[in-house]
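Read the figures in this text as sums done on the coordinates, not as results from a lab. If you're wondering where the values come from, they're calculated on a predicted model, not measured in any experiment. FYI the Cβ positions are ideal-geometry reconstructions off the backbone, even for glycines, and counts take in every protein chain you see.
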Amino acid sequence: MIIEGFIALYIFMLAAFTGYEIISKVPVILHTPLMSGSNFVHGIVLVGTMVALGHATTPLEQAIGFVAVILAAGNAVGGYVVTERMLEMFKTSKKDDKKGDNA
Amino acid sequence: MSLIINLAYFAAAVLFIVGLKQMSSPTTARPGIMWAGVGMVLATLVTFVHPEVSGGVNYTLIVLGIVIGGGLAWWSGKKVAMTDMPQMIALYNGMGGGAAAGIGAIYLLQATPETVSNTGLAIATTGSLIGSVAFSGSLVAYAKLQGLMKKTFHFPGQQVVNIAIFAITVILGFMLATGGGEIGSATLLLFFILSLAFGILMTLPIGGADMPVVISLYNALTGLAVGLKGIVLDNPALMIAGIVVGAAGTLLTQLMAKAMNRPIKNILFSQFGGSSGGAEEAIEGTMKEIQANDAGIMMAFAEKVIIVPGYGMAVAQAQHKIWEFTQLLQKRGVDVKFAIHPVAGRMPGHMNVLLAEAGVPYDIIFDLDEINEEFKTADVAMVIGANDVVNPVARTNPDSPIYGMPILNADQAHNVICVKRGKGSGFSGIENHLFYADNNQMLYGDGQKVAAELVASVKALG
């Protein structure tokens with residue numbers, strides 16, 4: 001075990017404050033992309049499902065793990081694609097910067 | 001090898017935080033999501049050599065799962081229309097919650113008295129409950145916003161039933177957590193079924209207007225569930241990313257609820273607009289009509305025009321024409337600004353995305369606090385596809401259900417033009433007193449058609 005007892009609690013607390021601080025300065029115009037972006041970040045659950053499926057031993061565990069990997073991959077990839085699509089569109093009128101249209 | 005894995009997870013955690021931080025400004029938001037993406041790829045790749053991952057069949061299933069899930073999400077994410085973005089986020093979020101619940105199920109199935117502690121079991125059980133609720137709840141939210149489920153769902157004693165189900169689920173969870181690894185499969189199955197049922201039952205009575213706040217809440221819950229799984233799996237990357245999102249999501253939920261003037265408690269445990277909501281004030285004045293041509297000319301000769309777009313504009317797909325109209329006005333030297341109410345789209349910031357899609361630069365788009373004082377100096381305020389967010393009764397009538405909601409003071413402009421498809425009240429079913437004001441004129445018609453006529457009228461001036 002890397003994370004022992006109370007250390008986990010400290011990480012928990014610091015991560016919570018970090019999340020709170022990051023968001024508190026975000027303008028309203030970015031709320032939807034940001035919700036989508038944070039949705040992408042918890043797609044890291046994919047790593048967890050890979051480990052869980054990786055040490056599955058019975059067919060039932062494998063089946064659950066397989067579905068979990070599909071769901072997690074959907075969360076990560078889908079979250080990234082929609083966030084990227086939204087953020088790509090934000091432009092300023094001051095300079096006509098590159099129009100990277102790949103949708 | 002374990003050093004490389006740990007370094008990669010550490011790097012991923014840093015990249016996620018940096019990425020989210022960069023997403024707090026429009027200029028750096030795009031690199032932000034890309035850095036977070038790099039972190040995700042890094043963490044995923046090193047997990048293939050994780051010491052706990054073994055077995056040919058398991059490897060095959062992992063690769064297959066990533067290809068199937070990732071492929072479907074890539075395809076659907078590229079295809080989805082910007083107006084449908086909220087429900088898509090709900091769907092992807094629900095998938096994450098389901099994945100977290102799946103991890104919990106495997107952990108609990110594998111638990112034996114020798115390998116687990118009660119603390120580990122308790123955390124795994126809590127994470128599974130939260131993940132399951134986020135999963136089934138998000139799917140209901142998706143179905144509602146997608147129009148697959150039109151009605152809200154009420155039955156007598158609903159709250160009592162919900163509380164009872166929740167209580168039984170918690171008791172079952174307590175049994176799982178304190179069983180010391182001796183877990184009955186019947187208990188486990190019932191626990192997951194009830195967790196999922198609770199997510200559904202909790203979300204069913206909530207109306208479509210409140211759904212964005214609920215999606216945001218489930219987003220935070222999924223983050224929390226993922227963080228808890230990180231503790232169970234002893235994986236710091238999961239822990240940090242999950243908790244950061246859990247905290248950020250909670251704050252975002254509060255900000256949204258505040259913008260909509262709907263306390264989270266009311267959204268989750270009560271209904272909106274069920275009754276008429278107090279006495280309606282008698283409305284004075286009459287509605288006056290204006291033709292698109294006259295409206296276009298009025299704005300062409302104005303000095304300052306503020307456009308108030310609402311979801312109706314996006315539904316009519318009028319934003320591109322409105323931007324064309326704006327550019328024509330700008331060429332004539334008119335100062336044009338867009339005023340966005342926090343709930344102008346389906347969730348805070350959604351309207352900005354829709355305008356950005358049409359090509360409107362974000363520096364002429366202002367939110368409520370920035371622009372509300374400017375309406376007094378505007379020659380024309382054009383309200384298109386919005387209703388409740390400009391209804392002055394929110395300021396004046398304490399009996400109104402929307403009383404206290406911050407609104408855009410479009411009524412203070414010298415002239416107001418309301419573009420509307422037909423007569424009738426808004427989303428909340430409340431009469432809009434602005435429509436009857438002396439300085440207001442109604443422009444009836446489909447948003448896109450009206451916008452095209454406005455463009456034509458300005459072009460005709462040469």
For this session: Rounded to the nearest 0.05, what FRET efficiency do residue A:57 and residue B:317 give with R0 = 60 Å and r taken as the Cβ-Cβ distance? Could you check?
Result: 0.65
For this session: Jot down the per residue volume, in cubic angstrom and as a whole number, of the convex hull over the alpha-carbon atoms of region A:29-89.
Result: 52 Å³
For this session: With the cut-off at 46 Å, report for the protein assembly as shown the share of all Cα pairs above it, as a whole percent.
Result: 19 percent
Exercise. Treating the beta-carbon of each Lys and Arg as +1 and of each Asp and Glu as -1, no other charges, what is the dipole magnitude of the protein assembly as shown about its Cα centre, to the nearest 20 debye?
Worked result: 760 debye
For this session: For region B:79-146, just the Cα set please: Rg and Dmax, both in angstrom.
Result: 15.5, 52
For this session: Evaluate E = 1/(1 + (r/R0)^6) for residue B:396 and residue B:369, where r is the Cβ-Cβ distance and R0 equals 25 Å; express this FRET efficiency to the nearest 0.05.
Result: 0.80
Exercise. Once both axes come from the Cα atoms, what is the angle between helix B:319-331 and the longest principal axis of chain B, in degrees from 0 to 90, rounded to 10?
Worked result: 50 degrees
For this session: Can you grab the distance from the C-alpha centre of region B:281-331 to the C-alpha centre of region B:88-108, Å, no decimals?
Result: 45 Å
Exercise. Could you state the per residue volume, in Å³, of the convex hull enclosing the Cα atoms of region B:134-223?
Worked result: 101 Å³
Exercise. Other chains near B:357-369: what is the mean number of their Cβ atoms within 10 Å of each residue's Cβ?
Worked result: 3
Problem set entry | With Cα atoms, 0 to 90° folded angle of helix B:56-79 axis to chain B main axis | 0 degrees
Problem set entry | chain B - mean residue ellipticity at 222 nm from DSSP helices (-39,500 (n - 2.57) per run, n ≥ 4, rounded to 500) | -19500 deg cm²/dmol
Seminar exercise, completed: Charge tally for neighbours of residue B:308 with beta carbon under 14 Å away, counting Lys, Arg as +1 and Asp, Glu as -1, is -2
For this session: Could you go through region B:368-383 in sequence order and give the Karplus-derived ³J(HN,Hα) for each residue, using 6.51 cos²θ - 1.76 cosθ + 1.60 with θ = phi - 60°, rounded to whole Hz, and x for Gly and Pro?
Result: 3, 5, 6, 10, 4, 6, 7, 4, 4, 9, 8, 6, 9, 10, 10, 9
Exercise. Gap in Å between the Cα centre of region B:383-462 and the Cα centre of region B:187-254?
Worked result: 37 Å
Exercise. Using a simple charge model, +1 on the beta-carbon of Lys and Arg, -1 on the beta-carbon of Asp and Glu, nothing else, what dipole does chain B show about its Cα centre, in debye to the nearest 20?
Worked result: 780 debye
Seminar exercise, completed: A correct Karplus calculation of ³J(HN,Hα) over region A:62-72, with 6.51 cos²θ - 1.76 cosθ + 1.60, θ = phi - 60°, whole Hz and x for Gly and Pro, returns 5, 5, 4, x, 4, 4, 4, 5, 4, 4, 5
Problem set entry | Length gained when the stretch residue B:185-residue B:461 is fully extended (0.36 nm per residue, less Cα-Cα span) | 91.7 nm
Exercise. Could you give the length gained on full extension between residue B:200 and residue B:153, defined as 0.36 nm per residue of separation minus the Cα-Cα distance, in nm?
Worked result: 15.9 nm
Problem set entry | Given B:144/B:258; B:78/B:337; A:91/B:337; B:331/B:376; B:144/B:449, the pairs whose alpha carbons are separated by over 26 Å | B:78/B:337; B:144/B:449
Exercise. What is the helix-to-structure angle for B:85-110, meaning the angle in degrees between its Cα long axis and the longest Cα principal axis of chain B, kept from 0 to 90 and rounded to the nearest 10?
Worked result: 10 degrees
For this session: Quick one: P(r) of chain B from all Cα-Cα pairs, 20 Å bins, percents rounded to integers, in order of increasing distance.
Result: 21, 48, 25, 6, 0
Problem set entry | Residue list for region B:362-384, given a label point 7 angstrom along the Cα-to-Cβ vector of residue B:414 and an amide N cut-off under 16 Å | B:374-382
Problem set entry | Extension reserve of the residue B:436-residue B:63 stretch, reckoned as 0.36 nm per residue once the Cα distance is removed | 128.1 nm
Exercise. Is the shape of region B:309-434 rounded, prolate or oblate, going by the alpha carbon gyration tensor and its root eigenvalues a ≥ b ≥ c, with a/c under 1.5 for rounded and a/b larger than b/c for prolate?
Worked result: prolate
For this session: Note down the relative contact order for region B:301-405 as a percent, whole number, built from C-alpha pairs under 8 angstrom at least six residues apart.
Result: 38 percent
Problem set entry | region A:29-89 - percent relative contact order, Cα under 8 Å, separation 6 or more | 50 percent
Exercise. If you project the alpha carbons of region B:1-96 onto the principal axes, what extent comes out on each, in Å, largest first?
Worked result: 44, 28, 17
